[in-house]
Amino acid sequence: MNELPAIEKLVPHATPLLLLDTVVESGDDYLICELTVRSDGLFDTRGRVPAWLGIEYMAQTISAYSGLQSHQRGEPVKVGFLLGTRHFETNVADFACGDTLRVTVKKIVHASSGMGAFECTVEGHRTRQTATVAVYEPAERDNFKRAIR
């Protein structure tokens, strides 16, 4: 099995907005990442981070999945967009800073137009979140890079 690239090479975010720590497993249609919930003043309040941040963890894991696909083809990482979330369910109101979470994304569909959908989970100690996340990865990468600077 080939060693997986560092998360920083797969997701087009920089610290402090890159919230994932590592890729732990990948396959043709899925990716699993881990992270430690951070107490860095960005999203935390009194040692807790709101549960809705789980959607961003899912989106960044989808980005890592796409980045790994690009990396394996020898292409640069592309910018992508979170379009929406359906059927988001969570059994927690927030996460404790310091907790380790495992995020799994499984591709449902990825069209040649750049539209895609993934089944996602976030799991940790007493935590389970699920959602279907819709994303868009435009073909014209350079136009969007200029637009988001």
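Tell me, yes or no, whether the range 97-111 has at least one residue that is basic (Lys, Arg), open to solvent by 80 Å² or more (accessible area, probe 1.4 Å) and at pLDDT 95 or above. Yes, the range 97-111 has at least one match.
Within the range 33-54, the presence of at least one residue that is part of a strand (DSSP E or B), under 20 Å from residue 117 (Cβ atoms) and out of contact with any Cys (no Cβ under 8 Å at 6 or more places or on another chain) is confirmed. In a residue-by-residue description of the range 59-77, the property of being over 15 Å from residue 13 (Cβ atoms), touching a strand residue (DSSP E or B) at 6+ places or on another chain (Cβ under 8 Å), open to solvent by 60 Å² or more (accessible area, probe 1.4 Å) and not in a helix (DSSP H, G or I) applies to no position.
Of all residues in the range 84-106, those that are in a strand (DSSP E or B) have Cβ atoms under 9 Å from Cβ atoms of residues that are among the aromatic types (Phe, Trp, Tyr) and surrounded by fewer than 17 Cβ atoms within 10 Å (Cβ to Cβ), 6 or more apart or on another chain, in 88/52; 90/52; 104/30; 105/30; 106/30. Note on the range 32-53: residues that are crowded, with 17+ Cβ neighbours inside 10 Å and in contact (Cβ under 8 Å) with a residue 60 or more places away in the chain amount to 6. Reported count of residues in the range 78-96, each being surrounded by fewer than 16 Cβ atoms within 10 Å (Cβ to Cβ) and among the aromatic types (Phe, Trp, Tyr), is 1.
Annotation note: of 68, 42, 31, the sole residue that is among the aliphatic types (A, V, I, L, M), at negative phi and modelled with pLDDT under 95 is 42. Within the range 1-31, the set of residues being free of Cβ contacts under 8 Å to residues at least 60 places away in the same chain, open to solvent by 20 Å² or more (accessible area, probe 1.4 Å), closer than 22 Å to residue 98 by Cβ and in a strand (DSSP E or B) comprises just one member, 22. Might you check whether a residue that is more than 29 Å from residue 41 (Cα to Cα) and without any contact (Cβ under 8 Å) to a residue 12 or more places away in the chain occurs anywhere in the range 54-69? Yes, the conditions are met somewhere in the range 54-69. When the range 120-137 is filtered for residues that are in contact with a Phe, Trp or Tyr (Cβ under 9 Å, 6 or more places away or on another chain) and either outside any strand (DSSP E or B) or open to solvent by 70 Å² or more (accessible area, probe 1.4 Å) (or both), only 137 remains.
The values are calculated or read from the model by the stated rules, or taken from the named source; none is laboratory data. Just so you know, these numbers come straight off a predicted model, no measurement behind them. With ideal geometry, Cβ positions are generated from the backbone for all residues, glycine too; neighbour counts draw on all protein chains shown. Calculation scope for accessible area: heavy atoms of the full protein, side chains included, ligands and nucleic acids excluded. Shrake-Rupley method; radii C 1.70, N 1.55, O 1.52, S 1.80 Å.
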